[in-house]
Amino acid sequence: MPRRYDPERRQRIIDAAIRVAEEQGIGALTHRVVARAADVPLGSTTYHFASLDDLLVAALRQVCGEAGTTVEGWTEYLDRDEPLADRIADLLRAYMDDERHGRVRMEYELYLAALRRPALSPVAAAWLDSTLDVLGRYTDPGTARTLSALIDGMLLQLLLTGRPFDRAAVRAELARVTGEQPAERPRTSDG
């Protein structure tokens, strides 16, 4: 029986791995589960990705480079003419949109998997470096590093607690780091 030429197969496997990770977590990833999700023979997953780490690296690289995920895409928000804390707060609100929660959770799960899977570390480090590079265009390197850590911490807390995104609270924390004035509170008729 002749082999079927399928130039898109590798990409379908990566896309399926991302879907599985998004829907079930990376703990659910096996060659068999991904093959089923990609509708390819099991041997195709092991042909293109000898190990699960190889597959996770490909998935993380793709996720880090996708529109809406890529750090370079942040400039749509960061290039605006308003205080940096407002620009980042708006960026994070868009990033944490209800429709993206599963995707953001998966992105962080892949990012944190690098702690136990050395093969993922270079991709996670490149993501961090690109974050620092982009934020560094708008502030000094020390503040960029602090903002990056604060952003990661706030997003992880939101994902872990399931609490809604509170733009005013996020903006206030960001303003503490950037040294900007807190936003004025709306005046009430009784005060």
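Taken over the stretch 87-143, the criterion of being farther than 21 Å from GLN157 by Cβ, in contact (Cβ under 8 Å) with a residue 40 or more places away in the chain and hydrophobic (A, V, I, L, M, F, W, C) is satisfied by ALA119, LEU120, VAL123, ALA126, VAL134. Residue-level analysis places THR178 among those that are polar (S, T, N, Q) and over 30 Å from LEU55 (Cβ atoms). Screening the stretch 26-56 for residues that are in a loop (DSSP other than H, G, I, E, B) and open to solvent by 10 Å² or more (accessible area, probe 1.4 Å) and picking the one that is farthest from TYR108 (Cα to Cα) gives PRO41. Within the group THR139, THR131, THR146, which residue is outside any helix (DSSP H, G or I) and in the same structural domain as TRP74 (by TED's automatic domain parsing)? Sole residue among the options that is outside any helix (DSSP H, G or I) and in the same structural domain as TRP74 (by TED's automatic domain parsing): THR139.
Checking each residue in the stretch 77-92 for being out of contact with any Lys or Arg (no Cβ under 9 Å at 6 or more places or on another chain), over 18 Å from ASP166 (Cβ atoms) and assigned to a helix (DSSP H, G or I) picks out only LEU84. Quick one: would you say ALA37 is at pLDDT 90 or above, touching a helix residue (DSSP H, G or I) at 6+ places or on another chain (Cβ under 7 Å) and over 15 Å from ALA113 (Cβ atoms)? In short, yes.
The values are calculated or read from the model by the stated rules, or taken from the named source; none is laboratory data. Just so it is clear, the structure is predicted and the values come from calculations on it, not from any experiment. Note that we place each Cβ from the backbone using ideal geometry, even for glycine, and neighbour counts take in every protein chain shown. In case anyone asks, the SASA skips ligands and DNA or RNA and just uses the protein heavy atoms, side chains included. Shrake-Rupley method; radii C 1.70, N 1.55, O 1.52, S 1.80 Å.
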